[in-house]
Amino acid sequence: MPGSASASCLGPWPKDVGIIAMELYFPSQYVDQAELEQFDGVPAGKYTIGLGQARMGFCSDCEDINSLCLTVVQRLMERNGLSYDSVGRLEVGTETIIDKSKSVKTVIMQLFEDSGNTDVEGIDTTNACYGGTAALFNAVNWVESSSWDGRYALVVAGDIAVYATGSARPTGGAGAVAMLVGPNAPLAFERGLRGTHMQHAYDFYKPDLVSEYPVVDGKLSIECYLSALDRCYSVYRNKIHAQWQREGSEKRFSLDDFGYLVFHSPYCKLVQKSLARLMLNDFLSHPSPNTETGPFTGLDAFRDIRPEETYFDRDVEKAFMKASADLFERKTKCSLLISNQNGNMYTPSVYGCLASLIAQHTPSQIAGQRVGVFSYGSGFAATLYSLRVTQDHTPGSGLDKLVSSLSDLKVRLESRKKVSPAVFSENMKLREETHHLASYVPRGSVEDLFPGTWYLTRVDDKHRREYSRRPLDHDLPAEPELVRSSTAAEHIPSPAKKMPRIPAASAGPDPAVSN
């Protein structure tokens with residue numbers, strides 16, 4: 001597998017730094033959105049058509065952010081045959097906070113104990129749904145820096161997205177994504193091509209530290225998302241134009257220069273509107289758009305509009321969604337598999353979309369393509385950047401291995417258990433009541449979890465959490481509990497108490513934008 005190099009061979013600019021491998025985890029149970037419409041007493045189609053959501057995955061009380069991240073990291077390492085001593089940086093992006101001091105990353109480090117590798121940089125990064133992207137940028141920057149020692153970086157984005165009863169609840173979800181970062185990657189970052197926008201707003205935030213639920217201004221969150229998209233796209237285009245001009249080209253950049261586009265997806269319908277928004281930007285920035293034929297046909301009436309006045313203009317939205325319908329079908333729709341079937345995962349959301357895109361194409365179909373990625377987090381922070389897919393799609397290549405590792409996503413989604421809205425509601429109430437309890441033993445069924453899933457076994461009287469792993473083989477006993485850590489002495493692994501190595505796995509009101 002590409003990505004590792006001896007320290008003596010390191011140069012100042014490792015080539016094609018990016019994503020080498022990906023792994024995705026989502027809960028083993030879901031609620032049907034059409035059934036949830038009936039249960040909530042809302043008009044049919046409000047969630048399924050209005051939001052574009054079909055199913056929503058959710059966690060029982062026996063899963064938390066630590067268990068999600070433990071599961072996705074161990075699955076990535078096992079499925080790719082990686083040793084833990086090959087990782088030199090581990091970054092976690094999450095907004096699901098269960099401790100105001102101890103990072104999720106330190107919990108994951110218990111997976112490294114057998115290897116003896118404690119020389120691992122990085123901690124948790126938090127800014128709503130943007131935290132996963134910030135963690136990924138940190139990892140890429142490390143590999144491209146003088147601090148790099150030739151080992152992989154590992155990035156984990158994970159969250160449990162839950163809302164109080166009401167219009168935002170159907171935009172929930174849960175999951176985690178792990179990404180291996182290094183040089184010679186099949187998905188390489190295009191250097192210098194990032195457009196970022198950051199600004200202060202209270203569109204979505206979590207001031208109550210004992211509750212999982214956010215405070216949401218739904219209309220403001222949509223305005224923040226769309227305004228950030230406008231500005232990030234403008235900055236990105238300026239940067240790529242500058243690159244092209246240095247190369248002697250006066251070509252204008254447009255959506256046609258992206259092979260695919262993926263977006264942070266609070267709900268699928270907003271993604272479709274976002275692509276239309278980018279077409280609006282192309283139209284308004286074009287010096288003389290053709291409104292007689294082609295994609296801008298019939299749009300002349302919108303030539304003099306001001307973008308900042310159109311966030312909730314239904315005429316503009318309808319016209320440009322129609323104009324961009326073909327682009328959406330070709331460049332973005334396939335990325336919404338996980339979002340449509342599992343819901344909003346917060347920090348992993350946009351990377352679930354990237355995984356969905358890869359999983360539904362052959363290596364030859366995506367080889368050489370530029371993939372635009374828009375990441376948004378409330379508060380708010382956003383970046384539009386691009387990945388270049390390698391041209392090498394031969395059997396056994398890095399791209400071939402990446403596509404193969406994600407090809408089972410649809411099968412895994414269909415293997416989940418559907419539960420009734422009433423059971424879903426009971427689970428949400430239980431999480432609400434027990435989220436920060438000490439001396440607590442979860443009541444959720446471990447037998448309903450996917451094989452190989454880590455789960456919470458208890459919270460002791462000092463709020464220390466202990467976990468076990470459901471065996472990969474149904475006939476095996478559960479993995480012994482992780483060593484809990486409250487002092488430095490407790491955290492140092494004893495050779496006699498290391499975790500045994502697990503064998504490799506087989507292959508109404510506007511809803512909140514984000515967070």
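The values are calculated or read from the model by the stated rules, or taken from the named source; none is laboratory data. The shown structure was predicted, so the numbers you read here are calculated from the model rather than taken from an experiment. FYI the Cβ positions are ideal-geometry reconstructions off the backbone, even for glycines, and counts take in every protein chain you see. The accessibility values were calculated without ligands, DNA or RNA, using every heavy atom of the protein model including side chains. Shrake-Rupley method; radii C 1.70, N 1.55, O 1.52, S 1.80 Å.
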Seminar exercise, completed: A correct Kirkwood calculation over the Cα atoms of the stretch 193-295 returns a hydrodynamic radius in Å of 16.0
Seminar exercise, completed: For Glu466 the rounded accessible area (nearest 10 Å², probe 1.4 Å, non-protein molecules ignored) is 10
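Could you please report the charge total around Lys331, scoring K, R as +1 and D, E as -1 over all other residues with beta-carbon less than 12 angstrom from its beta-carbon?
Values: positive: Arg330, Lys333, Arg370; negative: Asp256, Asp257, Asp326, Glu329.
Once positives and negatives cancel, what remains is -1.
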For this session: Give the carbon-plus-sulfur fraction of the accessible surface of the chain in %, rounded to a whole number; probe 1.4 Å, heavy atoms of protein chains only.
Result: 51
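Please report the antiparallel percentage of the DSSP beta bridges confined to the stretch 18-470, to the nearest 5. Numbers along the way, then the final one.
On the way: 45 of 62 bridges.
Rounded to the nearest five, the antiparallel share is 75 percent.
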Problem set entry | Overall form of the stretch 278-409 per C-alpha gyration tensor (a/c, 1.5; a/b vs b/c) | prolate
Problem set entry | Tensor-based shape of the stretch 30-137 (alpha-carbon gyration tensor, a/c under 1.5 rounded, otherwise prolate or oblate) | prolate
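Rounded to the nearest 500, what is the chain's calculated 222 nm mean residue ellipticity when only DSSP H runs of at least 4 contribute -39500 (n - 2.57) each, over all residues? Show your work: numbers first, answer last.
Details: 15 runs with 159 residues, N = 515.
Here the helix-only value at 222 nm equals -9000 deg cm²/dmol.
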Exercise. Given the C-alpha centroids of the stretch 74-105 and the stretch 116-184, what is the distance between them in whole angstrom?
Worked result: 8
Exercise. Based on the alpha-carbon gyration tensor of the stretch 18-470 and its eigenvalue square roots a ≥ b ≥ c, which shape applies: rounded if a/c is under 1.5, prolate if not and a/b is larger than b/c, or oblate?
Worked result: oblate
Problem set entry | Within-13-Å neighbourhood charge of Glu23 [Cβ basis; K, R +1; D, E -1] | +2
For this session: Take the alpha-carbon centre of the stretch 254-304, take the same for the stretch 366-444, and report the distance between them in whole Å.
Result: 27
For this session: Quick one: of Lys46/Lys269; Lys105/Lys462; Lys269/Lys333; Lys15/Lys410; Lys331/Lys417; Lys273/Lys401, which pairs are farther than 22 Å apart, Cα to Cα?
Result: Lys15/Lys410; Lys331/Lys417; Lys273/Lys401
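How do Asp326, Asp461 rank by accessible surface area computed with a 1.4 Å probe, from largest to smallest? If you can, show how the numbers build up before the last one.
Numbers: Asp326 90, Asp461 110 Å².
Solvent-accessible surface, decreasing: Asp461, Asp326.
How much accessible area per residue does the chain have, in Å², with a 1.4 Å probe? It would help to have the intermediate numbers written out before the result.
Numbers: 20770 Å² over 515 residues.
I get 40 Å² per residue for this part.
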Problem set entry | Exposure of Val316 as accessible area (Å², to 10), given a probe of 1.4 Å and all protein chains | 10
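Could you tell me what percent of the DSSP beta bridges with both partners in the stretch 32-162 are antiparallel, to the nearest 5? Intermediate values should be presented prior to the final figure.
Numbers: 1 of 11 bridges.
Beta bridges within the stretch 32-162, antiparallel portion: roughly 10 percent.
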